[in-house]
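The block underneath contains the structure these notes are about, expressed in structure tokens.
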Amino acid sequence: MKEIVIAVDGYSSCGKSTLAKSLATLLGYIYIDSGAMYRAITLYCIRYGIIKESIVNHELLIQHLNNIDIRFELNALTGNNETWLNGENVEDEIRKSEVASNVSIVSKIAEVRQKLVAIQRRIGENKKIVMDGRDIGTVVFPNAELKIFMTADPIIRAQRRMIEMTEKGIQTSLNEIVENIKQRDYIDENRDVSPLRKAKDAILLDNSNLTRDDQLNWIMQKVNQF
Ligand code: DC
């Protein structure tokens with residue numbers, strides 16, 4: 001099989017990372033969660049007071065941008081690629097709610113996107129990569145050999161998320177999650193810089209009624225054409 005770049009974009013809570021990760025494992029490719037990079041910059045902004053009450057101090061962020069080093073390192077025990085910010089493993093920290101609720105405002109900033117897109121392209125120089133995000137097939141790798149755009153019914157996405165949250169002991173209501181998902185979709189689709197769009201040559205995957213295995217088989221059929 002030819003060595004390729006696989007871009008997996010789509011709405012939040014569609015299972016992009018689950019699919020992208022399993023696919024990378026199966027192919028022996030690197031998996032990169034580009035959302036983790038936006039989350040890491042958001043964490044930095046919170047820690048350095050660059051974001052206060054959901055307002056970003058743009059000038060201060062620009063001053064700090066060159067001091068932010070983001071990389072991924074493979075955890076040999078779990079087999080997962082973990083996110084490091086300036087020499088610190090922040091994989092757990094970036095999943096917390098304070099980061100989640102501020103990341104969309106940080107990911108709107110053009111200079112942040114420029115910096116991260118440059119890093120993402122460097123990581124993908126040697127192909128053999130599966131990267132998930134919002135703009136991977138449109139902006140980061142417009143020439144990716146295989147582009148998938150994932151979507152699913154918001155209610156089904158909320159039900160899946162509800163199960164995950166209940167397992168983690170987090171109490172919430174289905175309505176609250178549905179509203180949160182719709183709001184995130186709106187922000188992702190309507191920001192000025194690199195809004196979430198299906199690339200013209202991306203293949204649509206609506207996984208509302210598909211199991212994880214169904215999705216993996218579906219995508220492997222596409223991959224096997226290379
Ligand atoms: O995939 P995620 O939920 O971890 O992404 C976190 C945030 O980062 C989300 O608000 C969308 C944004 N994001 C982005 O703008 N571009 C990407 N390539 C990946 C994520």
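Throughout, read-outs are computed from the coordinates displayed, never taken from laboratory work. The structure presented is a predicted model; accordingly, all values stated were derived computationally and were not measured. Please note: Cβ atoms are built from the backbone with ideal geometry, for glycine as well, and neighbour counts cover all protein chains shown.
Brief remarks follow.
- Residue ranges of strands (runs of 3 or more DSSP E) in the range 112-226 with at least 1 members under 15 Å from Ser34 (Cβ atoms): 129-133, 146-151
- Lys128 away from the ligand (no atom under 14 Å from the Cβ) and not aromatic (Phe, Trp, Tyr): yes
- So Ser104, is it within 30 Å of Met1 (Cβ to Cβ) and within 10 Å of the ligand (Cβ to nearest atom): no
- From Asn207, Asn190, residue being within 16 Å of the ligand (Cβ to nearest atom) and either without any contact (Cβ under 8 Å) to a residue 12 or more places away in the chain or in contact with a strand residue (DSSP E or B) (Cβ under 6 Å, 6 or more places away or on another chain) (or both): Asn190
- Any hit, the range 89-98, residues being assigned to a helix (DSSP H, G or I), touching a residue at least 12 places away in the same chain (Cβ under 8 Å), closer than 28 Å to Ile170 by Cβ and of a type outside the set (Asp, Glu): yes
- Within the range 1-54, the set of residues being touching a strand residue (DSSP E or B) at 6+ places or on another chain (Cβ under 6 Å), within 10 Å of the ligand (Cβ to nearest atom) and part of a loop (DSSP other than H, G, I, E, B) comprises Tyr11, Cys14.
Matching residues to (1) away from the ligand (no atom under 14 Å from the Cβ); (2) aromatic (Phe, Trp, Tyr); (3) over 15 Å from the mean Cα position of the chain (by Cα):
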position: Ala76; (1), (2), (3): yes, no, yes
position: Gly87; (1), (2), (3): yes, no, yes
position: Val90; (1), (2), (3): no, no, yes
position: Leu116; (1), (2), (3): no, no, no
position: Gly133; (1), (2), (3): no, no, no
position: Thr138; (1), (2), (3): no, no, no
position: Ala144; (1), (2), (3): no, no, yes
position: Phe149; (1), (2), (3): no, yes, no
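- Of all residues in the range 133-142, at least one satisfies being without any contact (Cβ under 8 Å) to a residue 60 or more places away in the chain, more than 16 Å from Leu23 (Cα to Cα) and surrounded by 13 or more Cβ atoms within 10 Å (Cβ to Cβ).
- Index of the failed condition, Asn57 passing every other in (1) closer than 29 Å to Ile170 by Cβ; (2) more than 14 Å from the ligand (Cβ to nearest atom); (3) of a type outside the set (A, V, I, L, M, F, W, C): (1)
- Checked against the criterion of being without any contact (Cβ under 8 Å) to a residue 12 or more places away in the chain and either charged (D, E, K, R) or in contact with a helix residue (DSSP H, G or I) (Cβ under 7 Å, 6 or more places away or on another chain) (or both), the range 174-186 contains one or more residues that satisfy it.
- Residue within the range 82-94 that is within 23 Å of Ala144 (Cα to Cα), buried (at least 20 other Cβ atoms within 10 Å of the Cβ) and touching a strand residue (DSSP E or B) at 6+ places or on another chain (Cβ under 6 Å) present: no
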